[in-house]
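Written out below as structure tokens is the structure these notes cover.
The values are calculated or read from the model by the stated rules, or taken from the named source; none is laboratory data. Predicted, not measured: the structure shown is a model, and the values here were computed from it. We place every Cβ from the backbone using ideal geometry, glycine too, and count neighbours over all the protein chains shown.
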Amino acid sequence: MKKNRMTILLVGGLVALGTASCAAPATTLDASDAAPNAAPAGQPTSDGSSGSAAVDGGSSATSTPGSFTDYTPEAVSAATADEDVILFFHASWCATCKLLASDIEANVGAIPAGVKILKVDYDSQTELKQKYGVTFQHTLVQVQPDGTQIAKWSLSRDLDALVKEIR
């Protein structure tokens with residue numbers, strides 16, 4: 001019985017935290033969206049420096065900028081062997097999912113190069129949930145381009161915590 005009370009208190013606290021962040025998540029973001037004042041590659045910016053479309057987070061050898069987009073099977077299969085693909089099982093009604101999505105969106109430029117975070121609709125992707133054994137929202141699954149699971153974890157509180165879990 002104590003365990004149930006603790007779970008209720010924990011979930012209640014997370015819901016309370018999540019209600020402060022009710023911004024609707026964008027459907028497609030990538031590192032180029034993170035710098036509204038950035039000029040196209042080779043063009044001068046307002047500070048006189050040369051703009052660049054790629055943002056390198058430093059944790060990957062690839063030069064492909066990190067991204068945060070909605071899930072499609074093609075987004076997974078189009079990934080290269082050098083890219084880390086993370087499926088973020090997100091529910092629109094989930095307070096902690098909203099917090100993580102908001103943090104990712106606010107820090108999209110900090111997504112390491114070669115990391116693809118794909119937002120999966122928890123409520124409609126039943127087959128995908130079954131494939132990866134996802135039993136609750138706010139679960140993250142790292143997969144290979146062929147869909148093979150590499151790792152699974154839950155409740156990353158922000159982008160930094162998510163990135164630390166990538167193998």
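Where in the stretch 65-167 are there helices (runs of 4 or more DSSP H), lying fully within it, with 1 or more residues that are surrounded by fewer than 18 Cβ atoms within 10 Å (Cβ to Cβ) and either in contact (Cβ under 8 Å) with a residue 60 or more places away in the chain or under 11 Å from the mean Cα position of the chain (by Cα) (or both)? Where helices (runs of 4 or more DSSP H) fall fully within the stretch 65-167 and carry at least 1 residues being surrounded by fewer than 18 Cβ atoms within 10 Å (Cβ to Cβ) and either in contact (Cβ under 8 Å) with a residue 60 or more places away in the chain or under 11 Å from the mean Cα position of the chain (by Cα) (or both), they are 73-77, 95-106, 159-165. When we screen ALA101, ALA81, ALA53 for residues that are out of contact with any strand residue (DSSP E or B) (no Cβ under 7 Å at 6 or more places or on another chain), farther than 19 Å from ARG167 by Cβ and either at pLDDT below 95 or not β-branched (Val, Ile, Thr) (or both), the only hit is ALA53.
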